[in-house]
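Peer 1: Once you've had a glance at the structure underneath, I'll fire off some questions.
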Amino acid sequence: MALLQRPSATGYELAKATGLPRANVYHVLGALQAKNAIQAVADNPTRYVAHAPASVLGRIKNETIARCDALTAELTALAPTPEPSALWTLRGRDAVVERIAALIAEASSRVAICLWNEDVPWLAERLRAAEDRGCQVIINMFGPSELDVGEVYWHEEPAKVVGGHVLTLAVDWSAALVAVLDEPIGAVYTRHPALVQLVEKLIRDEAYLAEIYQRFRTELEAAYGQHLVQLRRRLLPAAQAERLLAIVGFGAAGAGANALLGGE
């Protein structure tokens, strides 16, 4: 740092500027020369200049990338091929976000995802990049958003969702992930064909329902109640059924709920 600020400084001048012993300064200067980060430009006394930081760090970056690529190939060759039935468990937001980003980045033909509008800030550009690569992008969006990527199927706002903040993702018909983004945050992902097809079907069914509900909302609510509560309540766990009634606005019991449920 001192040499960047004082081009053509001597070792003595650098020791004085940094407050370090001259022996230490000359040792560091020798190490930096060996790393091609600085060079001597004069003798009697020897003066030094620092190479441009972009040049030094760019070289280090390229060397690191090459080393990581080589190690990836060598270490992959040592590891057995994972069983397609394997499930990988992720814990914590950073690990989950990193895996979701990696799966979308590796997609070559299709990305299908269910997400909340609060996920858009960290997912929008990744989904747009997948679309720009030629991928079909299918999105089930819960809540209002200005997202303009792919085929978007609109669902109720997150406040009306029963079951918490769940994100599902399927990529290229070959990998799938299911994440819970409420605390404690965690996810599982897999390449098992049966499980991938299950997640794919879940995402497609969500899209079908959104499209059908949009088109036939009046008839559906006449048959099954506001928010399809009569139909949904029959299939939900008790606690989530109560939550559904509260969301719809009638509470979990009482005359209002009975009327809503057709006297049940």
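The values are calculated or read from the model by the stated rules, or taken from the named source; none is laboratory data. The structure displayed is predicted, hence computed values, not measured ones. Heads up, the Cβs are rebuilt from the backbone with ideal geometry, glycines too, and the neighbour counts pull from every protein chain shown.
Peer 1: Scan the stretch 178-199 and report the pairs whose first residue is assigned by TED's automatic domain parsing to the domain that holds Val161 and within 19 Å of Pro158 (Cα to Cα) and whose second residue is polar (S, T, N, Q) and at pLDDT 95 or above, with Cβ atoms within less than 6 Å and a gap of 6+ or a chain change.
Peer 2: Taking only residues 6 or more apart or on different chains, the pairs are Val178/Thr168.
Peer 1: For the stretch 43-54, which positions are loosely packed, with under 12 Cβ neighbours inside 10 Å and either more than 14 Å from Ala9 (Cβ to Cβ) or of a type in the set (Phe, Trp, Tyr) (or both)?
Peer 2: Asp43, Asn44, Ala52, Pro53, Ala54
Peer 1: A further question follows. May I ask you to verify whether Arg204 is in the same structural domain as Ala112 (by TED's automatic domain parsing), surrounded by fewer than 17 Cβ atoms within 10 Å (Cβ to Cβ) and under 18 Å from Ala101 (Cα atoms)?
Peer 2: So Arg204 does not fit the description; no.
Peer 1: While we're looking at this one, here's another question. Mind checking which residues of the stretch 160-172 are part of a loop (DSSP other than H, G, I, E, B) and either crowded, with 16+ Cβ neighbours inside 10 Å or at pLDDT 95 or above (or both)?
Peer 2: Filtering the stretch 160-172 down to residues part of a loop (DSSP other than H, G, I, E, B) leaves 161-165, 172.
The answer is Val161, Val162, His165, Asp172.
Peer 1: Quick one: which of Ala40, Ala66, Ala17, Ala34 is of a type in the set (A, V, I, L, M, F, W, C), more than 30 Å from Leu181 (Cα to Cα) and surrounded by fewer than 10 Cβ atoms within 10 Å (Cβ to Cβ)?
Peer 2: Checking each option against the conditions leaves just Ala34.
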